[in-house]
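This report refers to the structure that appears directly beneath it.
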Amino acid sequence: MTGGALADSFSLLRQFAGKRRSTERCELCGLELTADHAHLVDPKARKLACACDACAILFSSRSGAQYRRVPREITYLAGFRLTDAEWESLMIPINMAFFFESSVEQKVIALYPSPAGATESQLPLDTWSGIVAENPVLARIEPDVEALLVNRLGPTRGYSAAEYYLLPIDECYKLVWLIRSHWKGLSGGADVWKQLESFFAELKERSGVVRYA
């Protein structure tokens, strides 16, 4: 991960940590926000901004402005096709990662959560085009604002099978913040795994479902 990208990730995590302790306000107009407020993303800086509905509506997910509006829809991808061999070819060091298309860098970027924050995989994603061919739903991912979240922690961590979600990018960074803020020691500690279990249970509850054979 580059120094700039690492700094951006830590900056984003500090935003989450700080704002959860105080009243959140729209970063464009200063209006006090409700808990369920909109987010905007700056694709160049890879930073999220909190926004009121009136300000957020000024931006579309494909706008050419500084910010793009982050959508709200979460989709659980039932029947997603990804073999163990394909996953291993991505060479992600843990069994969890998220993937999004950067309009700035013109490529798909893989990030995985760690106790230090979001870590970017610098390895080529040669397998990605094949995964998209097997899962056409990925072709509809909105650049910068949506991601594929992969959870392959497996039954040893309370999951009966791998889980795949098409979801807003802010949910991915929420997951990163959760792991960084609750991780203890070398193994993470019991609390972080309980937090992860709750996170994915809530995510599935909030999601719609796309099924394909």
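What are the aspartates and glutamates whose alpha-carbon lies under 14 Å from the alpha-carbon of LYS44, with same-chain residues fewer than 8 places away excluded? Partners within reach: ASP8, GLU101, GLU105, ASP144.
Relative to one another, the C-alpha centroids of region 32-71 and region 102-116 are positioned 19 Å apart.
Label zone (ALA85, point 7 Å along Cα-to-C-beta; backbone nitrogen cut-off 17 Å) within region 115-142: 126-135. Past the 22 angstrom mark, what percentage of all C-alpha to C-alpha distances in region 34-127 do you count? So the pairs more than 22 Å apart make up 44 percent of the total in region 34-127. Taking a Cβ cut-off of under 12 Å around LEU90, the surrounding Lys, Arg, Asp and Glu residues balance to a net charge of -3, with basic ones at +1 and acidic ones at -1. Accessible surface computed residue by residue for region 104-213, with neighbouring protein chains in place and a 1.4 Å probe, gives 48 Å² per residue. Taking 0.36 nm per residue of separation and subtracting the current Cα-Cα distance, fully stretching the chain between VAL132 and VAL104 would add 8.0 nm.
Peptide packing: for 94-105, 41-52, 162-173, the average count of neighbouring Cβ atoms within 10 Å per residue gives the ranking 162-173, 41-52, 94-105, highest mean first.
Measuring with a 1.4 angstrom probe and ignoring ligands and nucleic acids, TRP193 comes out at about 60 Å² accessible. Roughly speaking, to the nearest percent, how much of region 76-148's 1.4 Å accessible area is carbon and sulfur? For region 76-148, the apolar C and S fraction of the accessible surface comes to 53 percent. Using a simple spin-label model with pseudo-atoms 7 Å out from Cα toward Cβ, ASN95 and ALA54 lie 4.9 nm apart. Semi-axes of the equivalent ellipsoid for region 63-195, computed as √(5λ) from the eigenvalues of its C-alpha gyration tensor and ordered from largest down, come to 23, 19, 15 Å. Considering all alpha-carbon pairs of region 72-128, what whole percent are spaced by more than 14 angstrom? In whole percent, the long-distance tail amounts to 62. Put VAL176, VAL210 in order of accessible area, highest first, and with a 1.4 Å probe you get VAL210, VAL176.
The values are calculated or read from the model by the stated rules, or taken from the named source; none is laboratory data. All of these numbers come straight from a predicted model, not from anything done at the bench. For neighbour counting, all protein chains shown are included, and Cβ atoms are generated from backbone atoms with ideal geometry for every residue, glycine included. What goes into the accessible areas is simple: the full protein's heavy atoms, side chains included, and nothing from ligands, DNA or RNA. Shrake-Rupley method; radii C 1.70, N 1.55, O 1.52, S 1.80 Å.
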